[in-house]
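Structure record follows, encoded as structure tokens.
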Amino acid sequence: MAEACWYVVHTYSGYENKVKANIEKTIENRHLEDQILEVRVPLQDVVEVKNGVKKTVQKKMFPGYVLLNMIMNDDTWYVVRNTRGVTGFVGPGSKPVPLTDTEMFNLGIQADNISVEFAEGDMVTVISGVWKDTVGVIQSINESKQIVTINVELFGRETPVEISFSEIRKA
């Protein structure tokens, strides 16, 4: 199977978040979670001064562009290219060009090689977020998205919840 790479998609300016939401919805509807792994609108913190008050706000690093971590094939190309608001992939002609490791590093995207100290069936405790102090059993692990799915008891029922690796530890 081909390896996932980061690609840049050009969008109408101001439509970045809509494009991201539309692509994520399409991924879910067409069950392409294993081919289109992540959709990002890169943001940076900027300090603005208004009326003498400093305020940190997030601004888009590249207005008009969205980053995609995906395995390039005819299906994924078609889905992304025909998403409302997308004008095309960045690259010569209609051929998308993946970002190099240097370009990814400059954007703050590292190719993470994370080793996970837990496995399916392990009991874990959530250490932060809305599920803090909740104990659950790992049902599945998605290393590319760095999340685990755990079952927690909610209103007397077992309910699956997705939690980031950074928010859990072994119980």
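The values are calculated or read from the model by the stated rules, or taken from the named source; none is laboratory data. On a predicted model such as this, the values are computed, not experimentally measured, just so you know. Note that each Cβ is placed from the backbone with ideal geometry, even for glycine, and that neighbours are counted across all protein chains shown. Note: accessible area is taken over every heavy atom of the protein model, side chains too, but ligands, DNA and RNA are not part of it. Shrake-Rupley method; radii C 1.70, N 1.55, O 1.52, S 1.80 Å.
With protein chains left intact and a 1.4 Å probe, residues in the chain average 65 Å² of accessible area per residue.
What residue among Val137, Val46, Val79 shows peak mean-square fluctuation when the chain is described by a Gaussian network model with Cα springs under 10 Å? Its mean-square fluctuation being the largest, the pick is Val46. Estimated from helices alone, the mean residue ellipticity of the chain at 222 nm is -5000 deg cm²/dmol (sum of -39500 (n - 2.57) over DSSP H runs with n ≥ 4, per residue). Taking the chain as a Gaussian network of alpha-carbon nodes connected by springs under 10 Å, the highest mean-square fluctuation of the residues Arg81, Arg30, Arg40 belongs to Arg30. Under 19 Å from a label point set 7 Å out along the Cα-to-Cβ vector of Leu107, the amide N atoms of region 64-82 belong to 64-73, 76-82. Phi angles of region 155-171 translate, via the Karplus equation with coefficients 6.51, -1.76, 1.60 and θ = phi - 60°, into HN-Hα couplings of 6, x, 10, 6, 10, x, 9, 8, 10, 5, 3, 6, 9, 10, 8, 4, 7 Hz per residue; Gly and Pro are given as x. How many nm separate the modelled label positions at Glu158 and Lys170, each set 7 Å beyond the Cα in the direction of the Cβ? With each label placed 7 Å out from Cα toward Cβ, I get 2.2 nm. Multiplying the residue separation of Glu33 and Trp77 by 0.36 nm and removing their Cα-Cα distance gives an extension gain of 14.4 nm. Between Lys55 and Lys132, the C-beta separation translates, for a Förster distance of 35 Å, into a calculated FRET efficiency of about 0.80. Projecting label points 7 angstrom from Cα along Cα→Cβ for Glu48 and Gln139 puts them 4.1 nm apart.
Take every Cα pair under 8 Å whose residues are at least 6 apart in sequence, average their separation, divide by the length of region 1-94, and the relative contact order is 45 percent. With 28 Å as the limit on Cα-Cα distance, the pairs of Lys18/Lys95; Lys18/Lys132; Lys20/Lys54; Lys20/Lys95; Lys25/Lys50; Lys20/Lys170 that go past it are Lys18/Lys132; Lys20/Lys54; Lys25/Lys50; Lys20/Lys170. Note that region 20-29 has calculated 3J(HN,Hα) couplings of 4, 5, 5, 5, 4, 5, 5, 4, 5, 5 Hz, one per residue in order, obtained from phi through the Karplus relation 6.51 cos²θ - 1.76 cosθ + 1.60 (θ = phi - 60°); glycine and proline are x. Between Thr134, Asn69, Thr56, the Cα set farthest toward the positive side of the dipole of the chain (charges on each charged residue's Cβ, about the Cα centre) is that of Thr56. For the peptides 64-73, 95-104, the ranking by packing is 64-73, 95-104, with the highest mean count of neighbouring Cβ atoms within 10 Å listed first. Overall, the chain carries a charge dipole of about 1020 debye about its Cα centre when +1 sits on the Cβ of Lys and Arg and -1 on the Cβ of Asp and Glu, all other atoms neutral.
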